[in-house]
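Engineer: So that we are looking at the same thing, I have put the structure below in structure tokens.
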Amino acid sequence: MNLAVPAQVYDFPAEDIDFITGELRSMLEGGRYLTGGQVSARFEKAFSRQHGDLMASAVNSGTAALEAILTSVDVRGGEVIVPTNTFGATGFAVVRAGARPVFADMLPDFTVDPADVARRITDRTKAIVTVHIGGLVSPATLELVELCRDRGIALVEDAAHAHGSTLHGRPAGSFGIAAAFSFYATKVMTTGEGGMVLTSDDRVHRTVRMLRDQAKVDGNRHEAIGANWRMSEVSAMFGLAQVARLPDFVARRREIAERYRQKLSGVPGITVLSEAGGARSCYYKVIAVLEGVEPAVLREELRDRYDVTLGGAVYDLPMHQQPVFRQYADGPLPVAEDLCRRHICPPVYPSLTEAQLDHVVTALTERMNSHLATG
């Protein structure tokens, strides 16, 4: 019988479940606010401490975090350059904030190419979004920082994947004017649904906090169009439990990534990407590039023959080829079109056992050898 390996497993040990249920009982018995109260404030402080003590605002999704940032830096009527290999929510946030997304190609490490970004800057460019794909804060981020500083353009970090990641010791979220984190169910740490805005800019911080609460000023007075982006207290309870374990989560994910690299290093047709240039990834995703084998075929074989479910790709269909963004597409983006269609993401989560990891490696090795042997 094969050893089952799911794509994702949550990590809530018994003591965390006791903590969450205790917090919930205390809140309900005390009649405290169910949204945006004491627990949310504690979660904001705890998450901030893990990411350079930046100002933090908890919201109800990573998408809300990104839209709040883009609205705060006022991209309306302009253009925002985004990497084409990102989740649709990055583009949706740009459109909802009133701007036109402009898609840029990617580097072989799956992060946006600063040279291609520079070629796409116009007098209409209001912001540039960099996405820390798979948790990697690429060394190329520093080129984007310099580019944005020289051109007077806001740099926004989509750090949905990058909880606890660093570059040269600097945490994800500290390179741009603000950063958006996601706590969706599959992320490195989760609140089920939820997000966080981190910033060192006081104006952005104040604006985000206003916008997330229906843009209320002085009670029921409104000076802008706001939204219901508040985080619930229950989500914040999950966050408090998870953020305390974030260093351990990251350490274990890094161990697993290195084991994959070592064990798959001699397997033909598969290359596990590595860090470079001072980057320390949280490894939300382990990315492996394939040669000579279609990811969809491999995914099906691993599921059906070995009971191994691969994680989601990052991303298999780039945004400039998505039907919903067709009107914004402006020619081919060759690196993304190549690498997006031929990579996989093996399972990675703290509770993955050595036996499960070995089973994944065996499955990949057998299938890659079989495919390449038969041509």
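The values are calculated or read from the model by the stated rules, or taken from the named source; none is laboratory data. Given the structure is predicted, the values throughout are model-derived calculations rather than measurements. Virtual Cβ from ideal backbone geometry, glycine too; neighbours counted across all protein chains shown. Keep in mind that these areas ignore ligands, DNA and RNA; they rest on the heavy atoms of the full protein, side chains included. Shrake-Rupley method; radii C 1.70, N 1.55, O 1.52, S 1.80 Å.
Engineer: Leaving out ligands, DNA and RNA but keeping every protein chain, what accessible area does Arg259 have, in Å² rounded to the nearest 10, with a 1.4 Å probe?
Structural biologist: 80
Engineer: For segment 23-68, what class follows from the C-alpha gyration tensor (a ≥ b ≥ c being the square roots of its eigenvalues): rounded when a/c is under 1.5, otherwise prolate if a/b is larger than b/c, else oblate? Write out the running numbers ahead of the final one.
Structural biologist: Numbers: a/c = 3.26, a/b = 1.60, b/c = 2.03.
Here segment 23-68 falls in the oblate category.
Engineer: Same structure, new question: On the first, second and third principal axes, largest extent first, how far apart are the outermost C-alpha atoms of segment 18-134 in Å?
Structural biologist: Cα spread of segment 18-134 along its principal axes, largest to smallest: 57, 32, 25 Å.
Engineer: OK, next. When all protein chains stay in place, what accessible area (Å², nearest 10, 1.4 Å probe) is found for Met55?
Structural biologist: Met55 exposes around 60 Å² with every protein chain in place.
Engineer: Just how far, in whole angstrom, is segment 131-207 from segment 14-44 if you go by their alpha carbon centroids?
Structural biologist: When both Cα centres are located, 27 Å separates them.
Engineer: Further question on the same structure: Dipole of segment 233-352, Cα-centred, from +1 at each Lys and Arg C-beta and -1 at each Asp and Glu C-beta, to the nearest 20 debye? All intermediate terms of the calculation are to be shown ahead of the outcome.
Structural biologist: Working: 15 positive and 15 negative charges, 75 e Å.
Dipole magnitude for segment 233-352 comes out near 360 debye.
Engineer: On to the next question. What whole-number value in Å² describes the accessible area per residue of segment 147-207 for a 1.4 Å probe?
Structural biologist: On a per-residue basis, segment 147-207 sits at 32 Å².
Engineer: What is segment 199-321 by shape, rounded, prolate or oblate, if you read a ≥ b ≥ c off the alpha carbon gyration tensor as root eigenvalues and call it rounded for a/c under 1.5, prolate for a/b larger than b/c, and oblate otherwise? Working shown, then result.
Structural biologist: Details: a/c = 2.56, a/b = 2.17, b/c = 1.18.
Verdict is prolate for segment 199-321.
Engineer: Turning to a different aspect of this structure: Could you state how much accessible area Glu29 has, in square angstrom rounded to the nearest 10, with a 1.4 Å probe and all protein chains kept in place?
Structural biologist: 130
Engineer: Another question, then. Treating only the Cβ atoms of Lys and Arg (+1) and Asp and Glu (-1) as charged, compute the dipole magnitude of the chain about its Cα centre; round to the nearest 20 debye.
Structural biologist: Numbers: 39 positive and 45 negative charges, 136 e Å.
The calculated dipole for the chain is roughly 660 debye.
Engineer: Here is a follow-up. If Lys and Arg each add +1 and Asp and Glu each add -1, what is the summed charge of the other residues whose beta carbon sits under 12 Å from the beta carbon of Leu24?
Structural biologist: So the environment of Leu24 carries a net charge of -2.
Engineer: Which whole-angstrom value gives the distance between the alpha carbon centres of segment 65-126 and segment 255-321?
Structural biologist: Using only Cα atoms to place each centre, the spacing works out to 26 Å.
Engineer: For a quick protection proxy, order the peptides 264-277, 157-170, 70-83 by their average other-Cβ count within 10 Å, most packed first.
Structural biologist: Highest mean packing first, the order is 157-170, 70-83, 264-277.
Engineer: Go ahead and estimate [θ] at 222 nm for the chain from helices alone: -39,500 (n - 2.57) per DSSP H run with n ≥ 4, summed, over the residue count, rounded to 500.
Structural biologist: Computed ellipticity for the chain at 222 nm equals -12000 deg cm²/dmol.
Engineer: Taking the Cβ-Cβ separation of Gln214 and Thr362 as r and a Förster radius of 51 Å, what is the calculated FRET efficiency to the nearest 0.05?
Structural biologist: 0.45
Engineer: What is the Rg over Rh value, at two decimals, for the chain, using alpha-carbon atoms and the Kirkwood definition of Rh?
Structural biologist: When Rh is taken as the Kirkwood radius, the ratio is 0.98.
Engineer: Right, something else. Can you pull the Kirkwood radius for segment 251-304, inverse mean 1/r over Cα pairs, to one decimal in Å?
Structural biologist: 12.4
Engineer: With no solvent and one point on each alpha carbon, what is the Debye value of log10 I(q)/I(0) for segment 121-228 at q = 0.13, 0.20, 0.22 Å⁻¹?
Structural biologist: -0.56, -1.08, -1.18
Engineer: Pull out the extension gain between Arg206 and Ile225, defined as 0.36 nm times the separation in residues minus the alpha carbon to alpha carbon distance; nm, one decimal.
Structural biologist: Working: separation 19, 0.36 × 19 = 6.84 nm, distance 1.47 nm.
Between Arg206 and Ile225, full extension yields 5.4 nm more.
Engineer: Suppose a student asked you for the relative contact order of the chain, using Cα pairs under 8 Å spaced at least 6 residues apart; what percent would you report?
Structural biologist: Across the chain, relative contact order equals 23 percent.
Engineer: While we're here: Of Leu66, Gly134, Gly78, which is farthest along the charge dipole of segment 6-139 in the positive direction, counting Lys and Arg as +1 and Asp and Glu as -1 at C-beta?
Structural biologist: Of Leu66, Gly134, Gly78, it is Gly78.
Engineer: Stick to Cα atoms and the Kirkwood definition of Rh, then tell me Rg/Rh for segment 69-126.
Structural biologist: Reported Rg/Rh (Cα atoms, Kirkwood Rh): 0.97.
Engineer: Evaluate the distance, in nm, between pseudo-label points positioned 7 Å from the Cα of Gln327 and of Ala355 along their respective Cα→Cβ axes.
Structural biologist: 5.5
Engineer: Let me ask you something else. From Cα pairs below 8 angstrom and at least 6 apart in sequence, can you work out the relative contact order of segment 212-254, rounded to a whole percent? Please report the intermediate quantities before stating the final value.
Structural biologist: Numbers: 26 pairs, mean separation 12.1, N = 43.
Dividing the mean separation by the residue count of segment 212-254 yields 28 percent.
Engineer: Please identify every one of the chymotrypsin sites (Phe, Trp or Tyr not before Pro) in segment 3-41 that sits in a loop by DSSP and has no more than 15 other beta carbons within 10 Å of its own beta carbon.
Structural biologist: Here the sparse-neighbourhood loop sites are Tyr10, Tyr33.
Engineer: If you average 1/r over all unlike Cα pairs in segment 266-375 and invert the result, what Kirkwood radius do you get in angstrom?
Structural biologist: For segment 266-375, the Kirkwood estimate is 15.5 Å.
Engineer: Could you give the length gained by full extension between Leu24 and Glu255, i.e. 0.36 nm per residue of separation minus their alpha carbon distance, to one decimal place? The partial results should precede the final answer.
Structural biologist: On the way: separation 231, 0.36 × 231 = 83.16 nm, distance 3.39 nm.
Gain on stretching Leu24 to Glu255: 79.8 nm.
Engineer: With a/c under 1.5 counting as rounded, go ahead and sort segment 54-197 into rounded, prolate or oblate using the C-alpha gyration tensor (a ≥ b ≥ c being the square roots of the eigenvalues; past the cut-off, prolate if a/b is larger than b/c, else oblate).
Structural biologist: Cα axes put segment 54-197 in the oblate bin.
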